[in-house]
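Asks: Please see the structure below; I have some questions.
The values are calculated or read from the model by the stated rules, or taken from the named source; none is laboratory data. Bear in mind the structure is a predicted one, so any value in this text is a computation, not a measurement. Heads up, the Cβs are rebuilt from the backbone with ideal geometry, glycines too, and the neighbour counts pull from every protein chain shown.
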Amino acid sequence: MNDFLQSIIDRDPAAKSKLSIILTYPGVKAIFFHKIANFFAVAKFDLIARIISQLSRFLTGIEIHPKAKIGKNLFIDHGMGVVMGETSKIGDNVTIYHNVTLGGISPSINSNDQRDMKRHPTLEDNVVVGSGAQILGPVTIGKDSLIGSNSVVTKNVPEKSVMAGIPAKRIGDASKGFKPYAVTDEEKE
């Protein structure tokens, strides 16, 4: 828990203390509820799992399907409107901003044929997804990639890519790592 909270402080300049993060960050609460819902989903108590996830959605504005797989240190900043579908897989140290959707592409077409299939995105380690981005379908976002705000991603993204636009296109190299708000110390001078 301490590493998780420290990872948020490291990525959020507004974070004042670990206690304030626990008490006031909706993403932290959503992840806590997801762990409980996921426990029941894995145990095949699907109705209980869905009730817990819907309670979490009501309280936080963040909807995470109980069967979504989440790695360590996921930071959902602000969080309102974030949706993660059933077969979403999130790696370690991922940052997701508000109004992001990790969704399927054709949920109402042949629903029976889509059951137990990978329909939602995989975000590998250290990915940052900007507010309003839509990542749709069983695509993989490579490690250390940055997805720009309001981008729509429907194809696999190579590691260390900067993606932006509708549809998203690779516009740069993210090998320098995550710079909060796209500001570096060099640019401030």
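Asks: Does the range 40-59 contain at least one residue that is under 14 Å from the mean Cα position of the chain (by Cα), within 27 Å of residue 106 (Cβ to Cβ) and charged (D, E, K, R)?
Replies: The answer is no; no qualifying residue exists.
Asks: Please name all residue pairs, on different chains or six or more residues apart, with Cβ atoms under 8 Å, provided the first residue is in the range 165-180 and is closer than 27 Å to residue 9 by Cα and among the hydrophobic types (A, V, I, L, M, F, W, C) and the second residue is at pLDDT below 85 and not in a loop (DSSP other than H, G, I, E, B).
Replies: Sorted first by the residue in the range 165-180, then by its partner, the list stays empty.
Asks: Sticking with this one: I'd like the full set of residues that are farther than 15 Å from residue 126 by Cα and surrounded by 13 or more Cβ atoms within 10 Å (Cβ to Cβ), limited to the range 7-17.
Replies: Of everything in the range 7-17, those that are farther than 15 Å from residue 126 by Cα and surrounded by 13 or more Cβ atoms within 10 Å (Cβ to Cβ) turn out to be 9, 15.
Asks: Same structure, new question: Identify, from the list 7, 20, 53, the residue that is touching a strand residue (DSSP E or B) at 6+ places or on another chain (Cβ under 9 Å) and without any contact (Cβ under 8 Å) to a residue 24 or more places away in the chain.
Replies: 53
Asks: Look at residue 107 and say whether it is of a type outside the set (A, V, I, L, M), out of contact with any Gly (no Cβ under 8 Å at 6 or more places or on another chain) and modelled with pLDDT under 95.
Replies: Here the answer is yes, as residue 107 does meet what is asked.
Asks: Scan the range 142-172 residue by residue and report those that are hydrophobic (A, V, I, L, M, F, W, C) and outside any loop (DSSP other than H, G, I, E, B).
Replies: Result: 146, 147, 152, 153, 157, 162, 163, 164, 171.
Asks: Has the range 128-137 got at least one residue that is crowded, with 17+ Cβ neighbours inside 10 Å, of a type in the set (Gly, Ala, Ser) and not in a loop (DSSP other than H, G, I, E, B)?
Replies: Checked against the condition, which is being crowded, with 17+ Cβ neighbours inside 10 Å, of a type in the set (Gly, Ala, Ser) and not in a loop (DSSP other than H, G, I, E, B), the range 128-137 yields no hits at all.
Asks: Sort through 170, 119 and tell me the only one that's among the charged types (D, E, K, R), at pLDDT below 95 and buried (at least 18 other Cβ atoms within 10 Å of the Cβ).
Replies: 119
Asks: Restricting to the range 59-99, name every residue that is touching a helix residue (DSSP H, G or I) at 6+ places or on another chain (Cβ under 9 Å), closer than 26 Å to residue 45 by Cα and hydroxyl-bearing (Ser, Thr, Tyr).
Replies: Passing the criteria: only 60.
Asks: Quick one: how many residues across the range 23-35 are surrounded by fewer than 19 Cβ atoms within 10 Å (Cβ to Cβ) and either under 18 Å from the mean Cα position of the chain (by Cα) or more than 19 Å from residue 82 (Cβ to Cβ) (or both)?
Replies: Number satisfying all stated conditions: 4.
Asks: If you check 50, 11, which single one turns out to be out of contact with any Lys or Arg (no Cβ under 6 Å at 6 or more places or on another chain), of a type in the set (D, E, K, R) and modelled with pLDDT under 95?
Replies: It is 11.
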